[in-house]
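Down below is the structure, laid out as structure tokens.
The values are calculated or read from the model by the stated rules, or taken from the named source; none is laboratory data. Everything numeric here is computed off the predicted structure, so don't read it as measured data. Neighbour counts run over all protein chains shown; Cβ positions are idealised from the backbone, glycine included. These area figures cover heavy atoms from the full protein model, side chains too; ligands, DNA and RNA do not enter into them. Shrake-Rupley method; radii C 1.70, N 1.55, O 1.52, S 1.80 Å.
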Amino acid sequence: FTADLASLIRLHHVRWAGNSLWLSPTVEIALERAGRELIDSGGVRLWVLDGGQGAVGATLFAAAGGESCCLLTAYDRAWSAFGPGVATIVAGIEEAFTRGERLVDLGYGSFKYKRVMANASRPVAWLRLFPRGRSYPLARACWAPRLAREHLFQMRVDLRAGQRVRELRARLRKRVTTERSRDRGRGS
């Protein structure tokens with residue numbers, strides 16, 4: 001477990017150029033300690049994809065109470081065409097459902113793969129908490145560009161969906177009109 005966790009941490013730090021918002025030295029120590037204690041019971045699961053020269057993708061899950069949560073995923077960008085991060089996530093999801101778990105939380109971050117993996121009965125939703133007090137304006141300001149991008153992305157998705165609905169309605173109207181015209185022609 002320790003070597004695989006070290007691979008995940010290395011991939012994560014490379015991905016974020018050492019500027020991780022999530023992994024700090026204390027979090028790494030906590031993950032390593034908790035992981036060693038929980039790995040045998042299935043409380044922690046670590047999926048690693050080996051590219052022959054070492055790990056190219058890895059995902060860490062925590063599990064309890066019939067649910068599983070994706071805590072951290074990282075991959076080698078040189079291998080991104082092969083989707084090593086998504087491959088390890090899918091492996092973890094498949095294994096969770098094989099164990100009979102009823103829910104897999106895809107964790108923090110608004111990434112495109114989450115929209116693909118969601119379904120109508122369990123849609124993707126995000127929750128952000130901001131500290132109240134002096135740091136509140138700074139915290140909101142730091143997130144403002146990302147929230148704006150997400151909002152614009154959702155508007156594009158909604159516009160495309162609206163356009164598809166309008167196109168389908170137009171096709172249905174045309175089909176109904178054509179069928180009515182045929183029915184009128186038969187009656188004369």
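Within the listed set 139, 91, 63, the residue fluctuating most in the Gaussian network model of the chain (springs between alpha-carbon atoms under 10 angstrom) is 139. A straight line joining the Cα centroids of region 56-76 and region 32-46 runs 11 Å. The relative contact order of region 1-87 comes to 29 percent, based on Cα pairs under 8 Å that sit 6 or more residues apart. Stretching the chain fully between residue 132 and residue 102 yields a gain of 7.3 nm (0.36 nm per residue, less the alpha carbon separation).
Projecting label points 7 angstrom from Cα along Cα→Cβ for residue 82 and residue 155 puts them 4.0 nm apart. Which residue, 30, 141, 74, has the most motion in a Gaussian network model of the chain that connects Cα atoms within less than 10 Å? In the Gaussian network model the winner is 141.
Using the Cβ of residue 94 as centre and a radius below 15 Å, the other residues enclosed give a net charge of +1, where K and R count +1 and D and E count -1.
Select one label from [x] 115; [y] 213; [z] 192: the one whose number is volume of the Cα convex hull per residue in Å³ as derived from the coordinates shown. For volume of the Cα convex hull per residue in Å³, the calculated option is [y]. Accessible surface for region 4-85, divided over its residues, is 55 Å² per residue with a 1.4 Å probe.
Looking at the chain, do any whole DSSP H helices span at least 15 angstrom along their long axis by alpha carbon and average 0.0 or above on Kyte-Doolittle, and which? Before the final figure, lay out the partial values.
On the way: long enough: 2-15 (20 Å, 0.24); 25-38 (19 Å, -0.16); 84-98 (21 Å, 0.99); 136-187 (73 Å, -1.05).
Long hydrophobic helices here: 2-15, 84-98.
Placing a pseudo-label 7 Å from each Cα along the Cα-to-Cβ vector at residue 6 and residue 143 gives an inter-label distance of 3.6 nm.
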